[in-house]
Amino acid sequence: MIPGANDRIRLGLIGVNGRGKGIASGLAKMPECEITYVCDVDSRALEACLGLIHDITGKTPKGEKDMRKIFDAQDVDGVVIAAPDHWHVPAAVMAMRAGKHVFCEKPVDHSIAKIQAVADALAAHPEVKFQVGFNRRFDHNFAAIRKAYDDGRIG
């Protein structure tokens, strides 16, 4: 099989200090993923992440301080939101309105009303996918613990 454009997802990363930088490192190592944009208001975090991705892939994504430019970009299929918590809902809603898929770090928000805005945006744009980053839920150790619980071996 010859890999083509449909074999990879093009991502914009929003918030790349701390957790976001770790996510960037992991995604950059995945051949089915292409990081096309990196966004952070902190120029130090932005430059460090661009350098990290370049070191891993040999390519440098576009750097932005304004996430709205990523939502308008044609070479972005989805976004990863690891910005500070208070930006999760606005970023997710804007991304979904722009037709971008969203992976959002936890928590989505601390307010049910704001989380409802995300649910409303998702309902209005059924073509997009939304996932919250409960990464430990998918870790093999936690899966083994869950299976042991489900099997009645622990309680």
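The values are calculated or read from the model by the stated rules, or taken from the named source; none is laboratory data. Just so it is clear, the model here is predicted, and its values are computed rather than measured. Here the Cβ positions follow ideal geometry from the backbone for every residue, glycine too, while neighbour counts run over all protein chains shown. Surface accessibility is based on the protein's heavy atoms, side chains included, excluding ligands, DNA and RNA. Shrake-Rupley method; radii C 1.70, N 1.55, O 1.52, S 1.80 Å.
Does G99 satisfy the criteria of being more than 19 Å from H86 (Cβ to Cβ) and either open to solvent by less than 90 Å² (accessible area, probe 1.4 Å) or touching a Gly at 6+ places or on another chain (Cβ under 7 Å) (or both)? When the stated conditions are applied, G99 passes them. Consider A119 carefully, then state whether it is open to solvent by less than 30 Å² (accessible area, probe 1.4 Å) and modelled with pLDDT of 95 or more. Against the criterion (open to solvent by less than 30 Å² (accessible area, probe 1.4 Å) and modelled with pLDDT of 95 or more), A119 does not qualify. Restricting the range 40-66 to residues that are over 17 Å from I9 (Cα atoms) and touching a strand residue (DSSP E or B) at 6+ places or on another chain (Cβ under 6 Å), the residue that is surrounded by the most Cβ atoms within 10 Å (Cβ to Cβ) is C49. There is no residue in the range 144-153 that is surrounded by 13 or more Cβ atoms within 10 Å (Cβ to Cβ) and small (G, A, S). Test G78 against the stated conditions and say whether it is open to solvent by less than 60 Å² (accessible area, probe 1.4 Å), at pLDDT below 95, among the small types (G, A, S) and in contact with a strand residue (DSSP E or B) (Cβ under 7 Å, 6 or more places away or on another chain). When the stated conditions are applied, G78 does not pass them.
A Cβ distance below 8 Å, combined with a sequence gap of six or more or placement on separate chains, defines the contacts here; from the range 87-100, residues that are under 14 Å from A124 (Cβ atoms) and in contact (Cβ under 8 Å) with a residue 60 or more places away in the chain reach residues that are surrounded by 17 or more Cβ atoms within 10 Å (Cβ to Cβ) and of a type in the set (F, W, Y) in the pairs K100/F71.
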